[in-house]
Amino acid sequence: MAQFHRTTPQTVAFVGFGEAATAFLTGWGTDRPRNVTAYDIKTEQPRLRTQMTDKYREHNVTGCDMAKDALGSAEIVFSVVTADQAFEAAASASDNLAHGVLWFDCNSCAPDTKRRAAGVIDRAGGRYVDVAVMAPVYPKLHKAPLLISGPHVADAMETLSSLQMCPTKAGDLVGHASAIKMLRSVMIKGLEALMAECFLSARKAGVETEVIASLEASDPDIDWRVRGGYNLERMMAHGARRAAEMREAAQTVADLGLPNAMSAATAIWQDEIAGKGIAPGKYDLVARLDALLAAR
């Protein structure tokens with residue numbers, strides 16, 4: 001059984017080994033914990049197995065074929081899967097957790113999803129922490145701002161700080177941090193979708209220059225061309241993950257008894273852009289618009 005100390009944890013597990021996991025490891029550098037294990041469901045897919053084992057090797061972690069092998073002795077676990085897999089990751093891991101392990105659920109999920117996951121982890125003897133990652137992990141790496149909430153927030157603050165991470169307490173209830181993240185995403189990802197619909201339509205109609213000029217005249221505080229290009233880049237590179245997040249955001253709004261049509265539509269646009277499978281390429285708003293239109 002893992003022993004827990006009020007020092008930097010030295011046995012850390014990642015469930016999910018994508019952008020967030022590799023960013024944290026890169027940021028920690030040579031000051032990383034001594035023992036790092038990882039499990040990603042992609043390892044179980046024959047066509048992706050070699051890609052994942054190469055990634056484990058590249059980041060000098062012990063990659064595991066099964067979640068239980070990654071979790072057995074971990075002092076802390078970072079759950080960094082896609083939003084739609086967050087509860088399943090907690091449920092499948094619950095039988096293999098060391099007593100008292102801190103489970104950092106860093107996934108972009110509705111508060112109710114996090115509360116369900118917390119119930120599973122806590123019943124298994126773990127200590128669940130609701131974590132909301134409030135900025136892209138690149139280029140901030142392990143310094144990306146984290147909102148955390150739940151009954152174990154004091155120990156979580158100490159542990160994350162010992163890893164030179166940047167946590168801020170959001171509250172003592174699971175779901176508080178995720179509510180802030182989800183409702184912020186209604187705006188941030190919603191603006192991305194609105195810009196995609198506006199600028200793609202304007203480009204197809206041949207009036208994008210005039211539309212952008214009108215927007216600049218109405219709101220000169222936003223560089224609409226730069227912001228539009230950036231937003232398209234985020235959707236093209238990360239739209240599938242953002243769509244999953246927005247479905248959770250839509251659920252968050254619905255759980256509050258409010259209409260969620262905007263959030264639901266945002267998820268559709270994120271999927272639409274990501275589904276083209278087009279790399280963003282060098283920054284150029286019009287080039288990105290043309291590439292997306294050509295793929296329709």
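Readers should treat all values here as calculations from the given coordinates under stated rules, not as data from a laboratory. Worth saying up front: this structure is predicted, and the values here are computed from it rather than measured. We place every Cβ from the backbone using ideal geometry, glycine too, and count neighbours over all the protein chains shown.
Modelled spin-label separation between Val226 and Thr209, with each label point placed 7 Å from Cα along the Cα-to-Cβ direction: 2.2 nm. In the chain, the longest principal axis of the Cα atoms and the axis of helix 224-255 are about 60 degrees apart. For Val137, what is the net charge nearby, where nearby means another residue's Cβ is under 15 Å from its Cβ and Lys, Arg count +1, Asp, Glu -1? Once positives and negatives cancel, what remains is +4.
Cα convex hull, region 178-294: 103 Å³ per residue, rounded to a whole number. Label sites at Asp84 and Ala295, each approximated as a point 7 angstrom past Cα along Cα to Cβ, lie 1.8 nm apart. The residue among Gln51, Ala83, Phe104 whose Cα reaches farthest toward the positive pole of the charge dipole of region 11-174, with charges on the beta-carbon of Lys, Arg, Asp and Glu, is Gln51. Using the count of nearby Cβ atoms within 10 Å as a rough guide to exposure, how do Phe87, Phe199 rank from fewest to most? The most exposed by this proxy come first: Phe87, Phe199. Across region 11-174, the fraction of Cα-Cα pairs farther apart than 19 Å, rounded to a whole number, is 50%.
As a calculated quantity, the FRET efficiency between Ala217 and Tyr138 at R0 = 41 Å, using C-beta atoms, amounts to about 0.75. Against the longest alpha carbon principal axis of the chain, how many degrees, from 0 to 90 and to the nearest 10, is the axis of helix 19-28 turned? Roughly 60 degrees, rounded to the nearest 10. When Val77, Val36, Val120, Val207 are arranged by Cβ crowding within 10 Å, least crowded first, meaning fewest neighbours, the order is Val207, Val120, Val36, Val77.
Of Ala261, Ala67, His152, which is farthest along the charge dipole of the chain in the positive direction, counting Lys and Arg as +1 and Asp and Glu as -1 at C-beta? My answer, from the dipole projection, is Ala67. Taking amide hydrogens as placed 1.01 Å from N in the peptide plane, the amide H of Cys166 sits under 5 Å from those of Leu146, each at least 5 positions away in sequence or on another chain.
From the alpha carbon centroid of region 257-271 to that of region 98-154 is 24 Å. Evaluating kT/(6 pi eta Rh) at 10 °C and 1.306 mPa s, with the Kirkwood radius of the chain over Cα pairs in the Stokes-Einstein relation, gives 79 µm² s⁻¹.
What you get for the chain, charging only the Cβ of Lys and Arg (+1) and of Asp and Glu (-1), is a dipole of about 380 debye around the Cα centre. Note the angle between two axes, namely the Cα long axis of helix 285-294 and the longest principal axis of the Cα atoms of the chain, as a number of degrees from 0 to 90, rounded to the nearest 10. For helix 285-294, the angle is close to 90 degrees.
Debye-formula intensities of region 143-212, expressed as log10 I(q)/I(0) at q = 0.18, 0.21, 0.23, 0.28 Å⁻¹, are -0.72, -0.85, -0.94, -1.11 (one equal scatterer per alpha-carbon, no solvent). Put in order of Cβ neighbour count within 10 Å, fewest first, the listed residues Asp172, Asp271 become Asp172, Asp271.
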